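Here's the structure we're looking at; comments come further down.
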Amino acid sequence: MSRALELAAKAMVHATPNPRVGCVVVREGRIIGEGFTQRPGSNHAEVEALLDARRSGHDLHGAQVYVTLEPCAHFGRTPPCATALIEAIDGLAAGTLKPRPQPADGANYAPKIDKSEAALDWSASALQLDRQVRAFNPWPVAETRFAGETLRVLRAQVAAPAGSEAAPGTLLGIADDGLRVACGTGVLAVRELQRAGKRPIAARDFANAVRLAGLRFGA
């Protein structure tokens, strides 16, 4: 269940207004599938976990499902999660649900995330940096250097209209969508930051406490 809770935290940014749910499928004491709530209109945690187990070719016979919230039983943008679980149980009982090994062709190894990967390279595109911030929350959390200290970047989004001739990392000023920062391509709007040993703060509060003119992230 602790792993399911960790997965639920990964849905923190994009699941709203749906609840943030994590799910794991366990067989013989080993996790064989896991998932968390996707964006509204996409799969819920239970469906993602079942698909993950099936894609890997695992046998679901005798498996147990651990989920952080009671599976939904109503139709919204997606079918009920309870239906997916019932279909899996019925398929196992009827012998129609069989594991299919993942083909070796095209498969590759996903190495463990290293904390060093959390450093933001402002010469990258705003889109790439936005994805990096999302992917590394809640761990290891994207970070950047600023005035000799490390800042954690908790939330951000691609700014529109995007585009700046300033050097990557240059602080362009505060706007409704956050603190705008020039990137290699486009502009990233940072919405929430955290200084070392401090609580997370909104970008506007950070901007009110710092003279932005001529300053850069990553320096």
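The values are calculated or read from the model by the stated rules, or taken from the named source; none is laboratory data. Please read all numbers here as calculations on a predicted model, not as lab measurements. In this analysis, Cβ positions are derived from the backbone assuming ideal geometry, glycine residues included, and neighbour counts consider all displayed protein chains. Surface accessibility is based on the protein's heavy atoms, side chains included, excluding ligands, DNA and RNA. Shrake-Rupley method; radii C 1.70, N 1.55, O 1.52, S 1.80 Å.
Worth a mention:
- Of the DSSP H helices in the chain, none is both long (alpha-carbon extent of 24 Å or more along the helix axis) and hydrophobic (Kyte-Doolittle mean at least 1.0).
- Taking the Cα centre of region 1-81 as reference, the dipole from Cβ charges on Lys and Arg (+1) and Asp and Glu (-1) amounts to some 200 debye.
- Ligands, DNA and RNA left out, the 1.4 Å accessible surface of region 63-168 is 55% carbon and sulfur atoms.
- Think of region 75-219 as a dipole: +1 on every Lys or Arg Cβ, -1 on every Asp or Glu Cβ, centred on the Cα centre; then among Gly173, Ala160, Pro80, Gly173 lies furthest on the positive end.
- Accessible surface comparison of Glu165, Glu6, probe 1.4 Å, protein chains only, largest first: the order is Glu165, Glu6.
- Inter-label distance, nm, simple model (7 Å from Cα along the C-beta direction), Ala104/Val210: 5.1 nm
- Within-14-Å neighbourhood charge of Leu69 [Cβ basis; K, R +1; D, E -1]: -2
- Accessible surface of Ser116, taken over heavy atoms with a 1.4 Å probe and every protein chain present, rounds to 90 Å².
- Given a 1.4 Å probe and the protein chains as shown, Met12 ends up with an accessible area of around 90 Å².
- Charge dipole (debye, nearest 20) of the chain; +1 at Cβ of Lys and Arg, -1 at Cβ of Asp and Glu: 520 debye
- Whether region 105-202 is rounded, prolate or oblate, judged on the alpha carbon gyration tensor where a/c under 1.5 counts as rounded: oblate
- Farthest towards the positive end of the charge dipole of the chain, among the residues Val210, Val24, Gly197, is the Cα of Val210, using unit charges on the Cβ of Lys, Arg, Asp and Glu.
- Accessible surface of Lys98 - all protein chains present, 1.4 Å probe, nearest 10 Å²: 140 Å²
- Relative contact order (percent, whole number), region 19-176, Cα cutoff 8 Å, 6+ residue spacing: 15 percent
- Value of relative contact order over region 89-160, rounded to a whole percent, pairs C-alpha under 8 Å and six or more apart: 23 percent
- For region 108-192, the solvent-accessible area works out to 51 Å² per residue, with a probe of 1.4 Å and every protein chain left in place.
- When both region 142-215 and region 1-27 are represented by their alpha-carbon centers, they are found 28 Å apart.
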